[in-house]
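Below is one structure, written out as structure tokens, with a few remarks after it.
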Amino acid sequence: MAFVVTAVWTAKKGEEGGVAAAIAEMIEPSRNEPGILLHQRHRDPEDPCRLFFYEQYADRAAYEAHWASGLFRRLGSGLAIPLLASRERWFFETWEPTVTVRD
């Protein structure tokens, strides 16, 4: 089973560019962290302030390591989160084997 996190972040009006820039800088390094199976970001096509995240980790410890990483503390907690109007998160576990999608 994988530990799954979904989240919706809504940037403050006028701050969506700053949030997007911080996230863009985090994408590849995050995807290469041990224990991260999938990190997928989405943007609402009708509202550029609204972002959706779908993440799969090998276990909860891998998720906690990501949140404690210097990368996330600098770019996520340090830059992006202060620019948000709201943030919601939900936690799940897969109940079947994780399927890896390749391009």
Going by average Cβ neighbours within 10 Å, how do the peptides 1-11, 18-28, 85-95 rank, with the highest at the top?
1-11, 18-28, 85-95
How charged is the neighbourhood of Glu46? Take every other residue with its Cβ under 15 Å from the Cβ of Glu46, and add Lys/Arg as +1 and Asp/Glu as -1.
0
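Could you state the accessible area per residue of the chain in Å², with a 1.4 Å probe and every protein chain left in place? Numbers along the way, then the final one.
Values: 6400 Å² over 103 residues.
Per residue, the chain has an accessible area of 62 Å².
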Once you put a point 7 Å from the Cα of Tyr54 and another 7 Å from the Cα of Val8, both along the Cβ direction, what distance in nm separates them?
1.6
For the chain, what's the radius of gyration and Dmax over Cα atoms, in angstrom?
13.6, 41
If one takes the longest principal axis of the Cα atoms in the chain, at what angle in degrees, from 0 to 90 and to the nearest 10, does the Cα axis of helix 16-31 lie?
20
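Net charge near Pro82, counting Lys/Arg +1 and Asp/Glu -1 over other residues with Cβ under 15 Å of its Cβ? Provide the component values of the computation, followed by the final result.
Values: positive: Lys12, Lys13, Arg73, Arg74, Arg87; negative: Glu15, Glu16.
After counting each charged neighbour, the total is +3.
Roughly how many percent of the accessible protein surface of the chain is carbon and sulfur, given a 1.4 Å probe and a whole-percent answer? Mind dumping the intermediate values first?
On the way: 3500 of 6400 Å².
Reported share for carbon and sulfur atoms: 55 percent.
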Percent relative contact order for the chain, counting Cα pairs under 8 Å at least six residues apart, stands at 47
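Taking the Cβ of Glu93 as the centre, find all other residues whose Cβ is under 15 Å away and add up their charges (Lys, Arg: +1; Asp, Glu: -1). Intermediate values should be presented prior to the final figure.
Working: positive: Arg60, Arg89; negative: Glu55, Asp59, Glu64, Glu96.
Neighbour charge sum, excluding Glu93 itself: -2.
The values are calculated or read from the model by the stated rules, or taken from the named source; none is laboratory data. Everything numeric here is computed off the predicted structure, so don't read it as measured data. Every residue, glycine as well, gets a Cβ built from its backbone with ideal geometry; the counts of neighbours run over all protein chains shown. Only protein heavy atoms, including side chains, enter the accessible area calculation; ligands, DNA and RNA are left aside. Shrake-Rupley method; radii C 1.70, N 1.55, O 1.52, S 1.80 Å.
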